[in-house]
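What follows is one structure encoded as structure tokens, with my remarks underneath.
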Amino acid sequence: MDNYKHYSVLLNESIEMLNIKEDGIYVDCTLGGGGHSLEIVKKLKNGHLYAFDQDTYAISKARTRLEGFEDKYTIINTNFSNIKSSLLDLGIEHVDGIIYDLGVSSFQFDIPERGFSYRFDGPLDMRMDQNANLSAYDVINDYSENELKRILYEYGEEKFAPSIARAIVKARSVKPIETTFELVEVIKKALPASVLRKLGHPAKQTFQALRIEVNGELDVLKNSLEDAIKLLNIGGRVVVITFQSLEDRIVKQMFKKYTTLDVPKGLPFIPDYMKVEYKLVNNKVILPSEKELDENNRSHSAKMRGIEKL
């Protein structure tokens, strides 16, 4: 299991956007393989990095990568939804920068036993926190047809949600659906031939929907981002890299909420208490370079946005 590599998407661009000060306090909400964390600690002298991850395997890989910088970082083994309470427990009330890289770690995808990928046969798992109760197996075998249809529509934006949900319920009535490849076969049988002939994997959107449901990803992101923005010192920044439209929409809307004034029409002047406290670092979303797209197929859907406290 130890040959799995992790490639950090938009690495240079995100570190540049964080605008790191050598004595600053920084947070990596998604430690993963440690790519972003390593670049942050390299720039710190008296500063410190707090890195969150709920995946113990990811943490062990990151520790190896961060060797030699032990005095510059603290790893917090919990979901980043706990950013505010975990930092307060350590006496940290404000920070100078926070980064989220919301992609699933490469090694989570590439280890068949984790059940994240439709490319490898493995148990239907998909838990980022391996101590969590809910797995993809539970969702596929226990959720009602209507619940399955809802998550496929909402989280997978899958237009064939009704026929896939129906096919899952039919298949599991014979025997439980236990592996990723068993689920892929059920999905393929539920789709029209014209869809199967198209580019892209027919199970991609269903697997995305399952992963989001199992890990509560969208709610976790909303709650964590609210806290993160409020934790910033003046000049501090939150940088977020997303990999699918639902996440990007949440980030875009959240940043808009904090950077625009809701001024009543006809107001002759704007009172001081109504001034915005934040600004967008870039008005346009940042995408990977051509070079990165060539080097790493997984960076194709990546988008990066940043917000700064004024």
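Quick rundown of the values:
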quantity: Out of 62, 51, 58, sole residue that is closer than 24 Å to residue 305 by Cα and buried (at least 17 other Cβ atoms within 10 Å of the Cβ); calculated: 51
quantity: Residues that are out of contact with any helix residue (DSSP H, G or I) (no Cβ under 6 Å at 6 or more places or on another chain), of a type outside the set (A, V, I, L, M, F, W, C) and open to solvent by less than 10 Å² (accessible area, probe 1.4 Å), drawn from the stretch 210-246; calculated: 236
quantity: Condition broken by residue 184, with the remaining ones in (1) within 29 Å of residue 81 (Cβ to Cβ); (2) modelled with pLDDT of 95 or more; (3) open to solvent by less than 30 Å² (accessible area, probe 1.4 Å) satisfied; calculated: (1)
quantity: Failed item in (1) open to solvent by less than 20 Å² (accessible area, probe 1.4 Å); (2) closer than 17 Å to residue 15 by Cα; (3) in contact with an Asp or Glu (Cβ under 7 Å, 6 or more places away or on another chain), with residue 95 passing the rest; calculated: (3)
quantity: Selection from the stretch 126-156 of residues that are under 21 Å from the mean Cα position of the chain (by Cα), surrounded by fewer than 18 Cβ atoms within 10 Å (Cβ to Cβ) and closer than 30 Å to residue 57 by Cα; calculated: 129, 130, 131, 132, 133, 134, 154
quantity: Spans of helices (runs of 4 or more DSSP H) in the stretch 192-310 with at least 2 residues without any contact (Cβ under 8 Å) to a residue 40 or more places away in the chain; calculated: 193-196, 217-231, 245-259, 290-295
quantity: Candidate set: the stretch 194-209, residues that are open to solvent by less than 60 Å² (accessible area, probe 1.4 Å) and aliphatic (A, V, I, L, M); chosen: the one farthest from residue 244 (Cα to Cα); calculated: 195
quantity: Residues of the stretch 227-253 classified as of a type outside the set (Val, Ile, Thr) and under 18 Å from residue 18 (Cα atoms), total; calculated: 10
quantity: Considering residues of the stretch 281-310 that are among the polar types (S, T, N, Q) and at pLDDT 90 or above only, the residue surrounded by the fewest Cβ atoms within 10 Å (Cβ to Cβ); calculated: 283
quantity: The stretch 21-43, residues that are open to solvent by 10 Å² or more (accessible area, probe 1.4 Å) and out of contact with any strand residue (DSSP E or B) (no Cβ under 7 Å at 6 or more places or on another chain); calculated: 22, 23, 38, 39, 42, 43
quantity: Unmet criterion (only one of (1) farther than 25 Å from residue 129 by Cβ; (2) open to solvent by 30 Å² or more (accessible area, probe 1.4 Å); (3) not hydroxyl-bearing (Ser, Thr, Tyr)) for residue 18; calculated: (2)
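The values are calculated or read from the model by the stated rules, or taken from the named source; none is laboratory data. All values reported here derive from a predicted model rather than from experimental measurement. Here the Cβ is made from the backbone with ideal geometry for all residues, glycine too, and neighbour counts use every protein chain on show. Heads up: the accessible areas ignore ligands, DNA and RNA and are worked out on the full protein's heavy atoms, side chains in. Shrake-Rupley method; radii C 1.70, N 1.55, O 1.52, S 1.80 Å.
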